[in-house]
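Trainee: Starting off with a structure, shown below.
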Amino acid sequence: MKTRVTELLGIQYPILQGAMAWISRPELVAAVSNGGGAGILTTNWGPEQLLRDIRRIRELTDKPFGVNTNHGLRNVEDREEIFRIIIEEKVPFVTMGAGDQRPYIPVFRAGGVKTICIVPKTRLAKRIEAAGADALIIEGTEAGGRIGTLTTMALMSNVIPEVTIPVIAAGGIVDGRGMAAAMVMGADGIQMGSRFLLAEECHAFHPDNVKRLLEATDDDSTEVGLSRGKGMRGLRSPFSERYHEMEIAGVPVEELNALAAEMSRKVAEEGIGADGMNGIVQCGQSVGPLKKVQPAAEILRTVTEEAAEILKKAPGLLG
Ligand SMILES: Cc1cc2nc3c(=O)[nH]c(=O)nc-3n(C[C@H](O)[C@H](O)[C@H](O)COP(=O)(O)O)c2cc1C
């Protein structure tokens, strides 16, 4: 499949493996890139580990991959060091999405790194395009991980006609039907997170979480923190129930933040814990088709083949 995203990144399939905090390790990233998509690493472990991770990816693949800088945007020293490493190591592209990323775009452009920004609304999408980003990811509230309020469908309707750079759709896309729908809506590619949690090479996804995800139904999908402007989607747990009770009771945001501190890391490393209070297993709303663990390359191939089949049949709808 050839789109502006495959051309931009030099990949076979227009599919990105979304960055996943504390989970996107070099083995997963390289498996996705070797499979014809684009794997994306996270910077959660800080600059020194980032350098080791990039070098490990290069041992495993000579294909393009990206780094997500969200975590590294938090404090100035880390940010500068992380940016320097990404540029010096000639990482092909970055994705970033924490707030307004316009100041960082020229830094990467000057360093020869392609910049893909994750946006939750049209106004920011237009500003980011004007600032020189190479592509956009529009991520709907159906997605696993940190979320905004607009759905993927609304974002595709609103943003795609307003920008000229390639757009990658994310949030609730887990199979070829979702991919075909996004392409018909005008997206140039898709990003999936949840589906890749079940990649064989996703070793950092705790075995308890794998089991929980395989058993999940859409009833289990919930979010925490959206009422305080910091939403995160995943599977219902004693933690999410407690969090909702506290939100309804109007507990101050500092107390909620304290409850959720280190949640992503704890759940990734230990699962939700015996009492279920470590947090939530982050994943998107489209859990129905997530029924097996399989190699990343197989995920990429089957999703693209399903999408191609559907797109081939689409003209039949016209009678
Ligand atoms: C466990 C998990 C952790 C995530 N962490 C990040 C992150 O650190 N940075 C980021 O930009 N997106 C993050 N995301 C979002 C994904 O990159 C991707 O956009 C999203 O999963 C797409 O929706 P889907 O889960 O329905 O496929 C995360 C998603 C999951 C499931």
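Trainee: I need every pair where a residue in the stretch 269-298 that is over 23 Å from Thr141 (Cα atoms) has its Cβ under 6 Å from the Cβ of a residue that is of a type in the set (A, V, I, L, M), sequence separation at least 6 or different chains.
Mentor: Val293/Leu198; Ala296/Ala31; Ala296/Val32; Ala296/Ala199
Trainee: Continuing with this model, one more query. Which ones in the stretch 23-57 are open to solvent by 30 Å² or more (accessible area, probe 1.4 Å) and within 16 Å of the chain's Cα centre (by Cα)?
Mentor: Scanning the stretch 23-57 gives a single hit, Arg25.
Trainee: Now for a different question. Need the failing condition index for Gly229 against (1) within 30 Å of Ala133 (Cβ to Cβ); (2) within 16 Å of the ligand (Cβ to nearest atom), just the number.
Mentor: (2)
The values are calculated or read from the model by the stated rules, or taken from the named source; none is laboratory data. Since the model is a prediction, treat every value here as computed from it, not as a measurement. Counting neighbours? That spans all protein chains shown, and the Cβs are built from the backbone with ideal geometry, glycine included. SASA here: full protein model, heavy atoms, side chains in, ligands and nucleic acids out. Shrake-Rupley method; radii C 1.70, N 1.55, O 1.52, S 1.80 Å.
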